[in-house]
Every structure is written in structure tokens, then in C-alpha cells.
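Working notes, structure below.
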Amino acid sequence: MSDGETNMTATGAAAATTTWAVRLSDEAATAGLARVLADEARPGDLITLCGDLGAGKTTFARAFVRAVAGDPQLEVPSPTFTLMQVYETARGPVVHADLYRIGDPLELDHLGWDEAADGAIVLVEWPDRAGEYLTGDRLDVNLRLVPGLEGERIAVLTASGARAARLAEMKALRTVLERSGWGNAARVPIYGDASIRLYERLTKPSGETAILMFSPPRPKAPSFGREKPYHVVARLSDSVHAFVAVDRGLRALGFSAPVIYGQDLDAGLLVVEDLGSEGVTDAAGPIPERYAEAVRLLARLHTSQVPDVLPVVDGVEHVVPPYDIDALMIEARLLLEWYLPYRAGRFVPHAGRAAFERIWTGLLNEVLAGPRTWALRDFHSPNLIWLKTRQGVARVGLIDFQDAVMSHPAYDLASLLQDARVTVSPALELKLLALYAQERRARDPGFDTQELIRAYALLGAQRATKLFGLFVRLDRRDGKPAYLAHLPRIAEYLRRNLAHPALHELRDWFATHLPQLATEA
């Protein structure tokens, strides 16, 4: 199966159409296309099938129904005489209709068409016999023989209405998979955590695997007056360009970021190396040796010269944004906006909010005056893969770094050693902090350990404050209550940070307004 042309036109949303011409070398390719379309089909979809005699309509229909049903041996007789055949599947009903013998579209009423088609995946042969009866939101599959080339055929797919954008997305996906050599891979969704991105594991018949990443560009959110959307202020990535740029930057420094096998930047599609699923934790918590290697990785990164502008592709660059005061503060305010009203059930008066702003602004401006490097931002156990066949820091595989910013080196260190998903004991935290300082001093005898500890406590407190609000928002807004289980751990980390003398005023604020977070129960 190879790609032909794609055209997309729109003369108003309702009139949008997408056309995709696919060359099919043989009957197996025709069945393969049917399976691809079946994987993408949803309840309520209408697929119409027409074409030349002998072009493979029967092959297509049989493969389509079997793929939706998940049964490659399913008997799929032609509905030429029954007119309509209904299959009950785990994905809902599938209606396979052949309207060749329909003399008048009104005959569909006598067949109980509306009732059978409601909420079903519907495949119709000879759709022209239905006249205007069939909906305009549909996918037309026209199979045509190629003159002079025995066995070759072309499938012209035309999607209209709401189906147009879906066909354009599917075309982009199939193009990336085919060109990267993963067109015949099985696809299985994998868990994507709190991210808006989606992931699938691709598996070839040989057993080789890769990861398919869906990260479409963020839609432009409306601004209200001078107020920018949260993701803009917080410096979250808008597109997959950031991942590609940072990935290549990390690999250039010798770190184990995934190799990119294929990409469509406009569509937000990447096929990348599968680093596996072996992590840096086990049932008992952090594996100290693996966390230590991650600390050594950070020390090496933080003593490397890193640019704040990275190439994406020829002629396209990505600017690594600064983790500035606006970004840090809008994250900290999540505590006030989500944790306080929805979790703590408390109200902080205007004076308390003003003090919150003043204290945080003063502290963060101090740390912003310090050294800067790449902060991968979510440098913690879910995003660290253990690659036991590699050597040194290359054993730590890195993922989920598209939101990287220019920030103080202590940020990622706090993200790791105060891991929100697994408890890092005070003893292990101090041991690994000492290891980081030792690694830094080995490269720079003048390294200021006290400045590091101060920045570590401050940025650890900022991260904890953000996570209190973020995890409650994930629960209340996004329907993901599992994150609430991490709040007691984050509270313990916050208390450790507030014990630093430089944070005494912030500790007093929490003691006044959220005493349950400032003191251990």
C-alpha cells in the first residue's frame, strides 16, 4: 500500500472534503487498507464502497467487517440477496449493506434501515441506489483498476463533512508509518499519564518495537484582555517541534533520548525508539543505584555548554524558553486557585494572597539571578527508563522533555529527589544531594554547594506548591482522581523544603493559611 495524492478543500465547514489516492499492488494490499480503515472506524460512521468490476470490493468488505469484529475467520457472506447483514461486535454493531437490488430509496424504510444504522459502523455497497438517503458525513471508497498493470488498483478515498479532518489525520499517520518502515506494525495504546499527548506501542511481525507519539499542535486559546492562556505563560510547548529539538540536543551531548525514526511536524506525529519499560524504581521505591546514575547525568548536563536555540529541521529553530517569574508564579498560584477551595475548603483573604505574591516573587527573583541550564522539567521516575545494556549515564533513558526550559540546575534535581510518584527518604535524598555536589565539584572546584541547597529548597517548594494545585485540578477538571493519592507525599517534601532558613517567611505563610501542610499531623 503506497500513498498517492491528498487534497483538502473547504468552502465552509460543512462542505469540507479530503481526498486521498492510495495505490494497491495486490489483493493483500486491498485487505490491508480495509483493516486500516476498520481500525479507525467509530460507531455512527458511514463508509460507502464502489468501483470497477473485479477491483476488489468483496475483498475489501470482507476484510473490513472481520477487522472490526476482531475475527479473521468470520464468515462474511455477500448481502446481495439479504440486502443488509448485521454483525454484533465488541465495538458495537456493524451493518454491511448491498443496495444493488434497491429500486427506490424509500425501500430502505421497509428494511428498518434507520434503526439498524443508528450508532452502528455502516459499510454500504452500491450507495448511489440510496439517492439522497445517506448522510453527507461519510467516507467514500472507490476502487479502480489500473489499465495495463495487471493486479494493480487505486483506492480513491473521499471524506466529506465531519469525516474530512479525520481522513487527513489518518493519511498523515499512514504516511509517517510507511515512510519510517513501520507500516505493517500492530498498534497498541499505552498509558500517557497526565499528558495531553497520546502514545501507542508499535510491534512489527519480527517483534521489533517503536513508540508512536501523537502530539498535535495546541489550538490557539482565546486571550482575555491582557491575560494569556495558562500554557503560554507557563511555557508549555505548543507543538512537537520542541520535542524534536530537545531530543536532538540531548543526543548530541551523548544522552539516551529516543532516536526519531519518522516525523510529520505539522500533524504532530513522531515514530521514535522504544526505550522499553524498565524503570528506576521497584516495589520498594527508588532503586538507589539507578537514582545515583540519574544524578550523575544531571551533573554532567549541568556542566555542559547548552544553547537556548536548537535546530528542528533545516530552516526551523526552537527557542528553549526561560523559566521566568511569570511561569513560576502562575504555577504557584494553582495552590490558591485549586487546592485551597476544592481540597482544603479554605478562603485566603486579600492580605494573605498579597503576602503569597510578595514572598514568592522575592524568593524566585533571587534564584532567577543564578546559573541557567536546560531543565527537562519532569525529570522524575515515570520519565526515566533503565537501559541496562548501555554504559554510564547512557543507562538512563530520557522521555517527556518537550516542555524543557532554561532554568536553575536545582530544578530538575528537586524534581528527581522529591519525586511526586514515589517516596524518596530523607536519608537517600541527602546522600544523592551530596553525590551531586561531589560530581559538580569534581568538574568545578569553585562550585557553591550552599547556593545549590538554597535554590534546591526554594524550587522544591515551588514545585510542591504547584503540584498541590495541579493534582487537584487533574481530579476536579479532568476526572483523574488517582493523583490525589500523591498529596501526602508532596506535603512531606514541602515541609522538608520549608525547614531551610531562607524560606522562613514562606513557612510562616503556610503555618497561617494551610497549617496542615506546614506541620506534620
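The values are calculated or read from the model by the stated rules, or taken from the named source; none is laboratory data. Keep in mind that what you see is a predicted model, and the values were worked out from it rather than measured. Neighbour counts run over all protein chains shown; Cβ positions are idealised from the backbone, glycine included. We work out accessible area using only protein heavy atoms, side chains counted, and drop any ligands, DNA or RNA first. Shrake-Rupley method; radii C 1.70, N 1.55, O 1.52, S 1.80 Å.
Structure notes:
- Whole-Å distance, taken between Cα centres, linking segment 127-164 and segment 450-499: 54
- A283/E227 FRET efficiency (R0 56 Å; Cβ-Cβ; nearest 0.05): 0.80
- Taking 7 Å steps out from each Cα toward its Cβ at A442 and L74 produces label points 6.0 nm apart.
- Peptides 24-32, 310-318, 56-64 ranked from most to least packed by the mean count of surrounding Cβ atoms within 10 Å: 56-64, 24-32, 310-318.
- Per-selection Rg to Rh, segment 81-182 - Cα, Kirkwood hydrodynamic radius: 1.03
- Accessible surface area normalised per residue over segment 276-371 is 49 Å², counting heavy atoms of protein chains with a 1.4 Å rolling probe.
- Label-to-label distance for T58 and E115 is 3.2 nm, based on points extended 7 Å past Cα in the beta-carbon direction.
- The accessible surface of segment 72-150, taken with every protein chain in place and a 1.4 Å probe, is 52 percent carbon and sulfur.
- Mean separation of Cα contacts under 8 Å, 6 or more apart, over the residue count of the chain: relative contact order %: 11
- Each label point was placed 7 Å from the Cα along the Cα-to-Cβ direction; for E107 and L428 their separation is 7.2 nm.
- Against the main long axis of the alpha-carbon atoms of the chain, helix 27-40 sits at an angle near 50°.
- Against the chain, whose longest principal axis comes from its Cα atoms, helix 57-69 is set at around 40 degrees.
- Pairs of Lys residues in the chain are counted when their Cα atoms are under 29 angstrom apart and they lie 8 or more places apart or on different chains; the count is 13.
- Nearest 10 degrees, 0 to 90: helix 449-476 Cα axis against the chain principal axis: 40
- A convex hull fitted to the Cα coordinates of segment 392-444 yields 120 cubic angstrom per residue.
- Calculated over segment 226-332: convex hull of Cα atoms, volume per residue (Å³): 170
- Highest mean packing first, where packing is the average number of other Cβ atoms within 10 Å per residue, the peptides 122-129, 163-170, 48-55 line up as 122-129, 163-170, 48-55.
- Cα gyration tensor, segment 157-211 - rounded (a/c under 1.5), prolate or oblate: oblate
- Along its three principal directions, the equivalent ellipsoid of segment 416-456 from the Cα gyration tensor extends over semi-axes of 22, 10, 8 Å, largest first.
- Accessible area of segment 229-381 belonging to carbon and sulfur atoms, whole % at 1.4 Å probe: 50
- Remark: the chain projects, on average over all directions, an area of 29.9 nm² (convex hull of Cα atoms).
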